[in-house]
1. Scan the range 45-58 for residues that are surrounded by fewer than 16 Cβ atoms within 10 Å (Cβ to Cβ) and in a strand (DSSP E or B) and jot them down.
2. Identify, by number, the condition in (1) loosely packed, with under 12 Cβ neighbours inside 10 Å; (2) in contact with an Asp or Glu (Cβ under 9 Å, 6 or more places away or on another chain) that Arg83 doesn't meet.
3. Go through the range 184-200 and report how many residues are crowded, with 16+ Cβ neighbours inside 10 Å and either modelled with pLDDT of 85 or more or of a type in the set (S, T, N, Q) (or both).
4. Go over the candidates Arg245, Arg153, Arg218 one by one and state the one that is open to solvent by 70 Å² or more (accessible area, probe 1.4 Å) and either touching a Pro at 6+ places or on another chain (Cβ under 9 Å) or not hydroxyl-bearing (Ser, Thr, Tyr) (or both).
5. For the range 158-167, check the following and say yes or no: at least one residue is open to solvent by less than 40 Å² (accessible area, probe 1.4 Å), of a type in the set (D, E, K, R) and not in a strand (DSSP E or B).
6. Which of the residues that make up the range 113-125 are modelled with pLDDT of 85 or more and surrounded by 12 or more Cβ atoms within 10 Å (Cβ to Cβ)?
7. Out of Thr242, Thr246, which single residue is assigned to a loop (DSSP other than H, G, I, E, B), within 19 Å of Gly61 (Cβ to Cβ) and in contact (Cβ under 8 Å) with a residue 24 or more places away in the chain?
8. Please verify whether Gly160 is modelled with pLDDT of 85 or more and either under 24 Å from Gly247 (Cα atoms) or not acidic (Asp, Glu) (or both), treating the condition exactly as stated.
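The values are calculated or read from the model by the stated rules, or taken from the named source; none is laboratory data. This structure is a prediction, so every number in the text was calculated from the model and none was measured. Positions of Cβ are backbone-derived with ideal geometry, glycine not excepted, and every protein chain shown enters the neighbour counts. In case anyone asks, the SASA skips ligands and DNA or RNA and just uses the protein heavy atoms, side chains included. Shrake-Rupley method; radii C 1.70, N 1.55, O 1.52, S 1.80 Å.
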Amino acid sequence: MDVKLATQVGLPFDEAAMTRDVRTLWSLGRFSDVRAEAEEDEDGVDVVFHVVPETRYDLRGIRFEPHPFGLQVTIAPGTLMTRAQAAQTAVSAREQLARREYPDASVVWRFAPAPHGRYDLVLTIDAGKQGRRKNPPMPAAPKDLCACLFEDRREAEWKGILDFNASLDEAGVPHIEHGRPYTLRRLTFYGNHHYSDALIRSHFLVDEAAPLDLFRLRQSVVRLNHAGLFEPLDEHQVHIATDERTGMADVSIQLTERKRRSWNLSGPIPVSASLTGRILSTYSLSFHLLAFSTILKLATDKRLLPVFSADRAFTPGEGWRSGIAFAPLGWRGTAFGYASTQFQQRMLPALAGTHAPDLAVARGDSALLCRYPKPRLWKARIGASLVLRYAGQFAGLP
């Protein structure tokens, strides 16, 4: 290792220079202990630096516990990381949390062994209480400007560009700055104990070895939330680690499975109650107690109607292979319930439309806000969604 020290052979002994050299060696982060000794004899002063090499860990990746809280920590896999660098990474993560209005957050780090002699850097996060800062709302930017910027951002996202910034000069002319495009290298899920990776991946619209499209990644999260297999996801559970040198990005998603047993009460018409227990990753066994049912007018009296069913809930990733309930209602009831479920679940996302984050446009020392537009006829869409959800109760079992 080539290190230039102030203490040199042939120069007068300088204790202050020796102290600075100790600090220099410490600052390299490659040693766990650094000491200096000076011994004087008839030929002069001998200076000996005693160092203990710091263990360096071959990094496989970064994990967050319980989830990343939206942190962006970029360290390339294969990096030989020291304990000092890991501690500095934890400090940087805590500073990010403070900027995200978590002033009391703490981050504890550790190295966890991984296969093939590598290690994962595990950051355990305690976010504490989130503070609230009351900032004045930003003025709205012109709609025509926002429409152009959203179109440009969508085109950038399609290419895998993650960093997109817009600003206005003194003449009001927009300028766009963006980073380099990234390719999705690895998509990893944590916290799925009863559901396979293949089932979860079937909900995602992004592919490994393809450009990392943020818009399609957000839509994938919406699809997974709609499946109801896990607790709702937001940006805090989705972590993107980029490698500027290679242009590759790794996406890790922290999942929390829903309870395997649940009950619900729906109504007012038809009034029903159900108790559900999951028996497989894709099937659940349900007991329904209906006050009356309108499934193809099989029963229209007000007596209690107990029904057992084996349900394969609708999931966007499985499409036509899901959304079916096997119950003793005859083939007509089963077919009609399947058709109505497919129609309902496919129409609801279309009525909801697409969603994307707002965009802040810098203008000197201030900023304008471009709010992502709501879908056309959004009030009518909300009403139609409510009607469709309510009507689904008349078509079959909940």
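1. Within the range 45-58, Val45, Asp46, Val48, His50, Val52, Pro53, Asp58 qualify.
2. Against the list (1) loosely packed, with under 12 Cβ neighbours inside 10 Å; (2) in contact with an Asp or Glu (Cβ under 9 Å, 6 or more places away or on another chain), Arg83 comes up short only on (1).
3. Our first condition is that a residue be crowded, with 16+ Cβ neighbours inside 10 Å; within the range 184-200, this holds for 184-185, 187, 189-190, 192, 195, 199-200.
Restricting the remaining residues to those that are either modelled with pLDDT of 85 or more or of a type in the set (S, T, N, Q) (or both) gives 184-185, 187, 189, 192, 200.
So the answer is 6.
4. Working: Arg153 fails: open to solvent by 70 Å² or more (accessible area, probe 1.4 Å); Arg218 fails: open to solvent by 70 Å² or more (accessible area, probe 1.4 Å).
Testing whether each residue is open to solvent by 70 Å² or more (accessible area, probe 1.4 Å) and either touching a Pro at 6+ places or on another chain (Cβ under 9 Å) or not hydroxyl-bearing (Ser, Thr, Tyr) (or both) leaves just Arg245.
5. No, the range 158-167 has no match at all.
6. Listed by number, the residues that qualify are Arg118, Tyr119, Asp120, Leu121, Val122, Leu123, Thr124, Ile125.
7. After ruling out the rest, the residue left standing is Thr246.
8. Values: modelled with pLDDT of 85 or more: yes; either under 24 Å from Gly247 (Cα atoms) or not acidic (Asp, Glu) (or both): yes.
For Gly160, the condition - modelled with pLDDT of 85 or more and either under 24 Å from Gly247 (Cα atoms) or not acidic (Asp, Glu) (or both) - is met.
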